[in-house]
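The values are calculated or read from the model by the stated rules, or taken from the named source; none is laboratory data. In this text the structure is predicted, and so the values were computed from the model without any measurement. Virtual Cβ from ideal backbone geometry, glycine too; neighbours counted across all protein chains shown. Heads up: the accessible areas ignore ligands, DNA and RNA and are worked out on the full protein's heavy atoms, side chains in. Shrake-Rupley method; radii C 1.70, N 1.55, O 1.52, S 1.80 Å.
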Amino acid sequence: MSHSADPRPMSAVPGATLTGVANVPGDKSVSHRSLLFGAMAVGETKITGLLEGQDVLDTGKAMQALGAEVIQHGPGEWSVHGVGVGGFSEPVDVIDCGNSGTGVRLIMGTVATHGFSTTFTGDASLRSRPMGRVTDPLAMFGTQSYGRAQGRLPLTLVGASNPVPVRYVSPVPSAQVKSAVLLAGLNTPGETVLIEAEATRDHTERMLNGFGAQVTTEITDEGRVITLKGQPELRPQTIVVPRDPSSAAFPVCAALICEGSDVLVPGIGLNPTRAGLYTTLREMGADLTYENEREEGGEPVADLRARCGPIKGIEVPPERAASMIDEYPILSVVAAMAEGTTVMHGVKELRVKESDRIDAMARGLEACGVRVEETEDSFTVHGTGGAIPGGATVGTRLDHRIAMSFFCLGMAAQKPVTVDDATVVETSFPNFLPLMEQLGSRFERETS
Ligand code: S3P
């Protein structure tokens, strides 16, 4: 699981000063859901700003395999002709979700209540990730699953022909698990209820309501009780995908740590279920301002302006983890540049991402001369006060966010940092390298 079929080692050259405007791609979570929900609406959904990263393209192919029509009209411009809730047909081949946990888990939820079989697989990273967290609640609807140990892919789901609605208390803070259960509930009569102890990203709830489903959220002593009324008719939508706060994190954080930098990252969604990194960076004393704050499509949006300046280590509380779960790798890089120690609490979910992100960051940071400590559920980075030695090669483990984090670290380190495979950035941020070059970064291709 160390790298893709044709790995491309690449080094980030130190001494970058980043200036200008960074137009980051569309939001990955919203892009997956636009294709998926469009495929279950009756008629044509139009999408602009779709992320054309490999993860989302794989979800598009899966929607076609299930009977929807997915058409690209131009860069970021797509349409989906949906087949209606319950209208998918049995795929004639295995569904390959590549690197995407969101893709596979949401699609599993969707087909779980269609009376046919679907076999899923993915790359080495995805095949190592736990699927029991999704197949367990799906079994309550009447869905059968046949996978490897602990529900690992490849896995076949036999969908329930007469599904029964479910009330499920999620044992993990995961929007993917929540979404899988709600999507299975779409083609189920009655009310499906999902209870989560902590708020995870709420794009599924917001977007399904936009498509005409009835999804309500009640805050109770038990947690957030999310109720979906089954078998709605979904109406096609016109969707403008917001820019991804998780991708914006890379140019923002690179600017914060590279001397003399001043970067504007326009139009970033600051939905509170996604914006924990930006709260954290401001607590660290980062020179990060929100300009032109506004609302777009019902979501708070701002242009982020990041300037390099002194940053101090802090304690990041566990209750913030869900709102910045994908941003801990790049936060660890900022923490490595900071003055003092940063302790990240309540982060054990990082161990089951595209890689074990605590282990991947810990080994990479150590190789670059940064002191770290880890427990199962926490990660501590001892800041170098702006003097990261660098000069190492780090393993990306098929994980796009590990690759981009170490590229950012290399820009600010004393010696170049080599990432063993740059191709993995395709997953979520295909134009990462040219965009960072346009801001002032330099990369050198290594011969392996
Ligand atoms: C996502 C949910 C998160 C996140 C992933 C996208 C989603 O995963 O890490 O990148 O779109 O629902 P978990 O639900 O497993 O935390």
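Descriptive notes on the structure:
- Placing a label point 7 Å from the Cα of R442 along the Cα-to-Cβ direction, none of the residues of the stretch 18-42 has a backbone N under 11 Å of that point.
- Total lysine pairs in the chain at Cα distances under 25 Å, for residues eight or more apart or on different chains: 14.
- Percent carbon-and-sulfur accessible area, the chain, ignoring ligands, DNA and RNA, probe 1.4 Å: 48 percent
- Probe 1.4 Å, protein heavy atoms only - accessible area per residue of the stretch 1-133 in square angstrom: 32 Å²
- Binned Cα-Cα distance frequencies in the stretch 84-185 - 5 Å width, integer %: 3, 15, 28, 27, 19, 7, 2
- Principal axes of the stretch 28-239: Cα extent on each, largest first, Å: 47, 36, 30
- The stretch 90-164: trypsin sites (Lys or Arg not before Pro) in DSSP loop, at most 14 other beta carbons within 10 Å: R148
- Remark: spin-label model distance E296-Q144 equals 4.8 nm, labels positioned 7 Å along the Cα→Cβ axis.
- Rounded to whole Hz, the Karplus (6.51, -1.76, 1.60) HN-Hα couplings of the stretch 80-88, x for glycine and proline: 10, 9, x, 10, x, 4, x, x, 5
- Rounded is the label for the stretch 292-440, because the ratio a/c of its alpha-carbon gyration tensor axes (a ≥ b ≥ c) stays below 1.5.
- Most simply put, the chain has about 75% antiparallel DSSP beta bridges, counting only bridges with both residues inside it.
- Each 5 Å bin from zero up to the one holding the largest Cα-Cα distance in the stretch 124-179 carries the following percent of pairs: 4, 19, 27, 24, 19, 5, 1.
- Computed over the alpha-carbon pairs of the chain, the distance histogram in 20 Å steps reads 27, 58, 16, 0 percent, short to long.
- The stretch 1-142: C-alpha gyration tensor shape, a/c 1.5 cut-off, then a/b vs b/c: oblate
- A cut-off of 5 Å between modelled amide H atoms, ignoring neighbours fewer than 5 places along the same chain, links D421 with M10, T396.
- Which of V158, V169, L182, positive extreme of dipole for the stretch 144-286 (C-beta unit charges): V158
- Degrees, to the nearest 10: 101-111 long Cα axis against longest axis of the chain: 10 degrees
- Normalised contact order of the chain, rounded percent, pairs of Cα under 8 Å and 6 or more residues apart: 21 percent
- Taking the average, over residues, of other Cβ atoms within 10 Å as the packing measure, peptides 305-315, 59-69 rank 59-69, 305-315 from highest down.
- For the stretch 220-344: rounded, prolate or oblate by the Cα gyration tensor [a/c cutoff 1.5]: oblate
- Computed [θ] at 222 nm, deg cm²/dmol, the chain (DSSP H ≥ 4; -39,500 (n - 2.57); rounded to nearest 500): -9000 deg cm²/dmol
- With 0.36 nm allotted per residue and the present C-alpha distance subtracted, the E376-V94 stretch has 98.0 nm of extension available.
- The angle separating the long axis of helix 357-367 from the principal Cα axis of greatest extent in the chain is about 20 degrees.
- For the stretch 236-368, the solvent-accessible area works out to 32 Å² per residue, with a probe of 1.4 Å and every protein chain left in place.
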